[in-house]
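Visitor: One structure, pasted below without further comment.
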Number of protein chains: 2
Amino acid sequence: MPKVSQQHRNARRDQILSAARRCFLRDGFHATSMQDLFAEAGLSAGAVYRYFASKDEVILAIAEDNMREVLAMINEVATADPGRSLGEVMAGVLAQVQAKDEADGVGGMAILVWSEALRNPALAARLQLLLAGMHKDFTRLAADHQRAGELPGGAPAEAIARLLVALMAGSILQLTILGPDAVSDVGAAARALWPRPASSRPAAGASPDR
Amino acid sequence: MPKVSQQHRNARRDQILSAARRCFLRDGFHATSMQDLFAEAGLSAGAVYRYFASKDEVILAIAEDNMREVLAMINEVATADPGRSLGEVMAGVLAQVQAKDEADGVGGMAILVWSEALRNPALAARLQLLLAGMHKDFTRLAADHQRAGELPGGAPAEAIARLLVALMAGSILQLTILGPDAVSDVGAAARALWPRPASSRPAAGASPDR
DNA sequence: AAAAGCAAGACGAATGTTCGTTTTCTGATA
DNA sequence: TATCAGAAAACGAACATTCGTCTTGCTTTT
């Protein structure tokens, strides 16, 4: 017989996780002490340890959330592709990442995760999955645009997708270290480098809106 | 009057720094304790603290070395450009980064630095300088290739350079997390996307080798 | 050339603090 | 009343750093 409702438990867990996210974004994983986390969450040590067995478990939960969000964002923009050029699609993804970073610091958290993945095998595996997911979406995107004659066929779509994944990751770094303007530049460059092809099949009526 | 020669002091400092690099690459900045560093260097605590006032100072020294090396690498390959296509130049830089990473883990260290720069303002400033340096080199490169008609003129060279910086950073991430094959793909894609233009001024005899 | 003096490198145990985690106990709820 | 979430205190371990002491080898003096 639980003493509290399941939704109360979920609320507590979210309370801990959102506090942890704030702490981690402020100080990083290792410079955040569990005491910092207790204070930020307004809870005692015992309460937090009732929901997470260790600090690493909190880190993993936060990191997984962040990676899930990034993948969902890319999947959404890259998949729901009307007749837009590759450059427009990439610029759109970048704009969305930038907006989300402003809202919840998704970029800074991504960098923390990259660094932590170097020493944490479980996290490294998840990060590889994330990159594989991005790679898959971008491969489809690249193949589509190759078929439309918008991209050269000289390299496999998989290779071009790797380049696009690198573009995303590097933009997140620049977004976090240099600010949003740098990322706007990347978007502008992408539009210029990969514009709509001059001659191509109509590719279904291009809806001009969003 | 020093008791030991200057080169002995330099040797000791290098001994500490190379031990620190090994420790940091193995465990990260914060999971490496000073005791770990003492053991790896084969020195006492007092000896290390004679050369560096604090752990942060060691971290800063290592990080600066790494950033200097990265910038030198890019500067070398991107500047000494004969008549190669942009794609070939980028693939060349990537290959060099990959080789250097295999030798001394420059990629992993870069990721540690990115993460640390989020909380360390001094390091963040240096990282911004590094990115600015890369951006400068790549801007010149992009402008050259725009002039040659190899790249569209629709975007300023500065914006294209931002994209190339992102490409580099993202490749370093993929190199470290996924391994060298991913980066080879990026190089191949760069060659395909930015080949030598079909018609252009001869641009000095193209050396077929390397 | 030999010996004495001395500045500075190196040592490593000890410091107080802070770490992540555990244990104990209380009070509210079903 | 029986149960358990949560608070609070406490745990040993590990942390970065300091400090008093020894050691070393150059400089000066004879």
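The values are calculated or read from the model by the stated rules, or taken from the named source; none is laboratory data. From a predicted model like this one, the values you see are computed outputs, not experimental measurements. Glycine gets a Cβ as well: all are built from the backbone with ideal geometry, and neighbour counts include every protein chain shown.
Visitor: Among the residues of the range B:52-67, are any within 12 Å of DNA strand C (Cβ to nearest atom) and among the polar types (S, T, N, Q)?
Guide: Going through the range B:52-67, the residues within 12 Å of DNA strand C (Cβ to nearest atom) turn out to be B:52.
Pick out the ones that are also among the polar types (S, T, N, Q) and you get none.
No, the range B:52-67 contains no residue that is within 12 Å of DNA strand C (Cβ to nearest atom) and among the polar types (S, T, N, Q).
Visitor: Restricting to the range A:172-188, what's the tally of residues that are without any contact (Cβ under 8 Å) to a residue 24 or more places away in the chain and within 7 Å of chain B (Cβ to nearest Cβ)?
Guide: Of the residues in the range A:172-188, 5 are without any contact (Cβ under 8 Å) to a residue 24 or more places away in the chain and within 7 Å of chain B (Cβ to nearest Cβ).
Visitor: How many of the residues in the range A:135-171 are more than 10 Å from every other protein chain (Cβ to nearest Cβ), touching a residue at least 60 places away in the same chain (Cβ under 8 Å) and surrounded by 18 or more Cβ atoms within 10 Å (Cβ to Cβ)?
Guide: Of the residues in the range A:135-171, 5 are more than 10 Å from every other protein chain (Cβ to nearest Cβ), touching a residue at least 60 places away in the same chain (Cβ under 8 Å) and surrounded by 18 or more Cβ atoms within 10 Å (Cβ to Cβ).
Visitor: Since B:Val58 meets every condition but one in (1) within 12 Å of DNA strand D (Cβ to nearest atom); (2) within 13 Å of chain A (Cβ to nearest Cβ); (3) crowded, with 19+ Cβ neighbours inside 10 Å, which condition does it not meet?
Guide: Status for B:Val58: all satisfied but (2).
Visitor: Does A:Asn75 satisfy being modelled with pLDDT under 95 and away from DNA strand D (no atom under 16 Å from the Cβ)?
Guide: yes
Visitor: What helices (runs of 4 or more DSSP H) lie completely within the range B:93-197 and have 2 or more residues being within 14 Å of B:Val70 (Cα to Cα) and modelled with pLDDT of 95 or more?
Guide: Qualifying helices (runs of 4 or more DSSP H): B:106-117, B:121-147, B:157-178.
Visitor: Within the range B:12-32, take every residue that is more than 14 Å from chain A (Cβ to nearest Cβ) and small (Gly, Ala, Ser) and give me the one that is farthest from DNA strand D (Cβ to nearest atom).
Guide: Out of the qualifying residues, it is B:Ser18.
Visitor: Please verify whether A:Thr79 is out of contact with any Gly (no Cβ under 9 Å at 6 or more places or on another chain) and either of a type in the set (Asp, Glu) or more than 12 Å from DNA strand C (Cβ to nearest atom) (or both), treating the condition exactly as stated.
Guide: Details: out of contact with any Gly (no Cβ under 9 Å at 6 or more places or on another chain): yes; either of a type in the set (Asp, Glu) or more than 12 Å from DNA strand C (Cβ to nearest atom) (or both): yes.
When the stated conditions are applied, A:Thr79 passes them.
Visitor: Out of all the residues in the range A:34-42, is one or more within 11 Å of DNA strand C (Cβ to nearest atom), in contact with a Ser or Thr (Cβ under 7 Å, 6 or more places away or on another chain) and in a helix (DSSP H, G or I)?
Guide: Yes: the range A:34-42 contains one or more residues that are within 11 Å of DNA strand C (Cβ to nearest atom), in contact with a Ser or Thr (Cβ under 7 Å, 6 or more places away or on another chain) and in a helix (DSSP H, G or I).
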